[in-house]
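Notes for the one structure printed next.
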Amino acid sequence: GKKLGYTFNHGNLHNISLGQGQEVVAEQALDLAAKEGHWVILQNIHLVAKWLSSLEKKLEQHSEGSHRDFRVFVSAEPAPCPESHVIPQGILENSIKITSEAPTGMQANLHKALDNFSQDTLEMCSQEKEFRSILFALCYFHAVVAERRKFGAQGWNRPYPFGAGDLTISVSVLHNYLEASSKVPYDDLRYLVGEIMYGGHITDQWDRRLCRTYLEEFIKPEVLEGELCLAPGFPLPGNMDYSGYHQYIDDALPAESPHLYGLHPNAEITFLAQRSQQLLRSLLELQPRHGRAPAGGAGTREEAVQALLEEMLEKLSDEFNMAELVAKLEERTPYAVVALQECERMNVLTAEIRRSLVELELGLKGELTMTSDMENLQNSLFLDTVPESWVKRSYPSTASLGSWFADLLARINELEAWTRDFSLPSTLWLGGFFNPQSILTAIMQTTARKNKWPLDKMTLQCDVTKKSREDFASAPREGAYVHGLFMEGARWDAQAGTIADARLQELTPAMPVVFIRAIPADKQDTRGTYPCPLYKTRQRGPTYVWTFNLKTKENPSKWVLAGVALLLQ
């Protein structure tokens, strides 16, 4: 615009950010621009889906008879799913489309972060050495948090829209603080950048801890002593000019690997495997829906579904008789209440599975008209995915249908064994519960009642044993033994009794049996421990269950950056 003489000062460039009720202003600007030959920029049109048909009509109206210099530029964020494709076809067909792809890899991200500044920026602060060192550290921090997204839930529990604005404002804050004080206020800078500039986007407490830990590693007094490595083999550069920093990135930055982010190389295997699965799942969904089953399969699609359906109905056991269970219960202990709640939830799920399968069976035989729900169930069974109506009544899971159903039968067996006499199993399968928090709370309630301790002043102590579930014949006197935990991002060294680096290609090694007991909160010793979050699945985020303090000989920050967590699946 500037090059061709279109600027705000000349009054011939109109820039409107939509999404705050600016639609009328936009329409007026378009009318004026069409007449006078101005340029109009409409930002974030994806935020005003209902208005887009009016915009389409307006552009059509001005396509004839308007000034030959009239131009409209529109921008929108990429849609996360097909349902969010809101831009009308007419606008898309009549426009020149440009996509701006975020850079991939640490090198491109670091160059792009540095591109927000210039030689003038580097010279604008009186404390030049301090300013340049911390500015480069902030650029590295920005590149790390932006690119870490690619590692999925092990990178960040939830995706966040960190942008160049966060970085430039952080650098302005750095400049203002250094101009106002002769000493570098490290704590203040870490707080403002980590809790406000970048932290303002973050909604998950574990992601907030990760952001804080990065800043504790990158913004500290060692920055000025030339002893700080931003990543293994990548020391913070000394005092250079602007082009020197770009050259340093090209010369000194190690090859792209999870080490640059503080992650274990296994994180890349996980990320690539998930991408491959996504691709193959999409290819599978693109297969023709009618005709014969895939090569090597016998018969038609309907026959394949019918065989699977019959097998499932045959294996699915009867629902729990709740009246009978309540009648044989001698005392409603916290553990017994959990068992009953789990049986009720299981009944709701198995009743829906049986109902929908029987209905589909009748539909396939021609005794019922096929509805859209029945067709969706048929597609899910054929594509080996868990049907939507089952997912709604189920527990979080990332498994395919075959594994999910086998897991369901194992859960039913566990509940049947437990409800025979309601005595606590020798080891509990924590992943086998709809609501694992309930059994952990029951451990605290039982101990609190026994010792007459206040429940709100208690916490859980987690001791990792050296044994597997077969080595336990009975439940402990207090607390419970728990099996079925896995660790992601590291492994448990049973001999040393601490967290250790993961072995290559062992993505989620199993944990030994864990002894969980309740103790008064003021008796807990957290020295030399890593507060490790426990999640139901590898999706992490909303599947959070509890926090266990695990012993570590290394600095806990190492495990925070590696995204170490316990999983129930």
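Here are a few things to note about the model shown:
- Segments classed as helices (runs of 4 or more DSSP H), wholly inside region 235-347, with at least 2 members that are closer than 30 Å to Phe131 by Cα and touching a helix residue (DSSP H, G or I) at 6+ places or on another chain (Cβ under 8 Å): 242-252
- Matching residues, region 420-442, being of a type in the set (Gly, Ala, Ser) and either farther than 16 Å from Arg517 by Cβ or in a helix (DSSP H, G or I) (or both): Ser423, Gly431, Gly432, Ser438, Ala442
- The residues of region 443-465 that are in a helix (DSSP H, G or I) and of a type in the set (Asp, Glu) amount to a single one, Asp456.
- Residue count, region 476-494 (criterion: at pLDDT 95 or above, in a loop (DSSP other than H, G, I, E, B) and more than 23 Å from Arg411 (Cβ to Cβ)): 2
- In region 524-554, the residue that is farthest from Phe271 (Cα to Cα) out of those that are without any contact (Cβ under 8 Å) to a residue 60 or more places away in the chain and of a type in the set (Val, Ile, Thr) is Thr526.
- Across region 264-294, the qualifying residues are those that are of a type in the set (S, T, N, Q) and loosely packed, with under 14 Cβ neighbours inside 10 Å, and the one among them that is modelled with the lowest pLDDT is Gln287.
- Filter pass, Ser126 being surrounded by fewer than 12 Cβ atoms within 10 Å (Cβ to Cβ) and either under 23 Å from Leu215 (Cα atoms) or modelled with pLDDT of 90 or more (or both): yes
- Residue in region 65-73 that is touching a residue at least 12 places away in the same chain (Cβ under 8 Å), among the basic types (Lys, Arg) and in contact with a Leu (Cβ under 7 Å, 6 or more places away or on another chain) present: no
- Residues satisfying the stated conditions in region 426-453, i.e. open to solvent by 30 Å² or more (accessible area, probe 1.4 Å) and within 21 Å of Thr350 (Cβ to Cβ): Trp429, Asn435
- Number of the condition not met by Ser118 [criteria: (1) of a type in the set (Ser, Thr, Tyr); (2) touching a Phe, Trp or Tyr at 6+ places or on another chain (Cβ under 7 Å); (3) open to solvent by 80 Å² or more (accessible area, probe 1.4 Å)]: (3)
- Lone qualifier among Ser468, Ser423, Ser403 - being open to solvent by 30 Å² or more (accessible area, probe 1.4 Å), under 28 Å from the mean Cα position of the chain (by Cα) and not β-branched (Val, Ile, Thr): Ser403
- Scanning region 205-247 for residues that are surrounded by 17 or more Cβ atoms within 10 Å (Cβ to Cβ), of a type in the set (D, E, K, R) and touching a Gly at 6+ places or on another chain (Cβ under 7 Å) gives a single hit, Arg212.
- Just one of the listed residues (Ala410, Ala417, Ala473) is open to solvent by 30 Å² or more (accessible area, probe 1.4 Å), out of contact with any Cys (no Cβ under 9 Å at 6 or more places or on another chain) and assigned to a loop (DSSP other than H, G, I, E, B), and it is Ala473.
- Selected residue (criterion: surrounded by the most Cβ atoms within 10 Å (Cβ to Cβ)) from residues of region 152-188 that are of a type in the set (Val, Ile, Thr) and free of Cβ contacts under 8 Å to residues at least 40 places away in the same chain: Val173
- Among the residues of region 348-392, those that are assigned to a loop (DSSP other than H, G, I, E, B) and of a type outside the set (Ser, Thr, Tyr) comprise Gly366, Glu367, Leu368, Met370, Asp384, Val386, Pro387.
- Scope region 74-93; condition more than 27 Å from the chain's Cα centre (by Cα) and open to solvent by less than 90 Å² (accessible area, probe 1.4 Å); matching residues: Val74, Ile87, Pro88, Gly90, Ile91, Leu92
Table: residues versus (1) among the small types (Gly, Ala, Ser); (2) over 24 Å from Trp429 (Cβ atoms); (3) not assigned by the TED database to the domain that holds Gln154.
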| residue | (1), (2), (3) |
| --- | --- |
| Pro533 | no, no, yes |
| Thr537 | no, no, yes |
| Pro542 | no, no, yes |
| Val545 | no, no, yes |
| Leu550 | no, no, yes |
| Glu554 | no, yes, yes |
| Ser557 | yes, yes, yes |
| Val560 | no, yes, yes |
| Gly563 | yes, yes, yes |
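- Yes/no for Ser53 being farther than 22 Å from Tyr6 by Cα, of a type in the set (Gly, Ala, Ser) and outside the structural domain of Gly163 (by the TED database): yes
- Applying the set (1) under 20 Å from Ser257 (Cα atoms); (2) at pLDDT below 95 to Gly90 leaves exactly one unmet item: (1).
- Matching residues, region 448-503, being at positive phi and in contact with a His (Cβ under 9 Å, 6 or more places away or on another chain): Gly489
The values are calculated or read from the model by the stated rules, or taken from the named source; none is laboratory data. Everything numeric in this text was worked out from a predicted model, so none of it was measured. Quick reminder, even Gly has a Cβ in these numbers, built from the backbone with ideal geometry, and neighbours come from all protein chains shown. Accessible surface is based on the protein model in full, side chains and every heavy atom, while ligands, DNA and RNA are left aside. Shrake-Rupley method; radii C 1.70, N 1.55, O 1.52, S 1.80 Å.
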